[in-house]
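Colleague: Once you've had a glance at the structure underneath, I'll fire off some questions.
Just so it is clear, none of the values below were taken in a lab; they were calculated from the coordinates. It should be emphasised that the depicted structure is a prediction, and the values quoted were computed from it without experimental measurement. Neighbour counts are summed over all protein chains in view; Cβ atoms, including those assigned to glycine, are modelled from backbone coordinates with ideal geometry.
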Amino acid sequence: MVKELDTTLAALADPTRRQVVDWLQVGPRRAGELARRAGMSSPAMSRHLRVLRSSGLVAAEGSEKDARLRVYRLQRAPFASLQGWLTQVESFWAGQLDAFREHVERTRPASRPPGAKDRR
């Protein structure tokens, strides 16, 4: 799971690849359309799509011989694994914050009513 998570995070570290993921959330797209939307050459987009495919974040359907005819779509599994890890991290921090709040409430001096004078 750690290696899979590392691969997912590495693929998503690039802003262009995150943009491709955003576009693919709307629906499947051809590589040429993704390249035009990103304002880059087809070979440059192909390199990004290769990283996304090797990470398992996207899958390609269509012609193996002609990349222009391939349609790319998101794959759920890597995103579900990432969400699971993020949920664990969030749970840890929520527990830490709860423990801190309990500590503050336990150690906070009792509050005096407004206008009460200090007896020192």
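Colleague: What does the charge count around Gly27 come to, taking other residues whose C-beta lies under 15 Å from its C-beta (Lys +1, Arg +1, Asp -1, Glu -1)?
Modeller: Cβ neighbours under 15 Å give a net charge of +3.
Colleague: With +1 on the Cβ of every Lys and Arg and -1 on the Cβ of every Asp and Glu, and nothing else charged, how large is the dipole of the range 2-75 about its Cα centre, in debye rounded to the nearest 20? Present the calculation step by step, with values, prior to reporting the outcome.
Modeller: Values: 14 positive and 8 negative charges, 46 e Å.
Dipole of the range 2-75, to the nearest 20 debye: 220 debye.
Colleague: Work out, step by step, the length gained on full extension between Arg50 and Phe79: first 0.36 nm times the residue separation, then minus their alpha carbon distance; give nm to one decimal.
Modeller: Working: separation 29, 0.36 × 29 = 10.44 nm, distance 1.73 nm.
Taking 0.36 nm per residue and subtracting the Cα distance, the gain is 8.7 nm.
Colleague: When the Kirkwood hydrodynamic radius is evaluated over all pairs of different C-alpha atoms of the range 1-50, what value in angstrom, to one decimal, is obtained?
Modeller: Numbers: mean 1/r = 0.0876 Å⁻¹.
Mean inverse Cα-Cα distance, inverted, gives 11.4 Å.
Colleague: For Arg30, which sequence-distant residues (separation of 5 or more, or a different chain) have an amide H within less than 5 Å of its own amide H, given hydrogens modelled in the peptide plane?
Modeller: HN-HN under 5 Å from Arg30: Tyr72.
Colleague: Using the beta-carbon distance between Arg18 and Glu64 and R0 = 22 Å, what value does 1/(1 + (r/R0)^6) give for FRET efficiency, to the nearest 0.05? If you can, show how the numbers build up before the last one.
Modeller: Details: r = 27 Å, r/R0 = 1.21.
It comes out at approximately 0.25.
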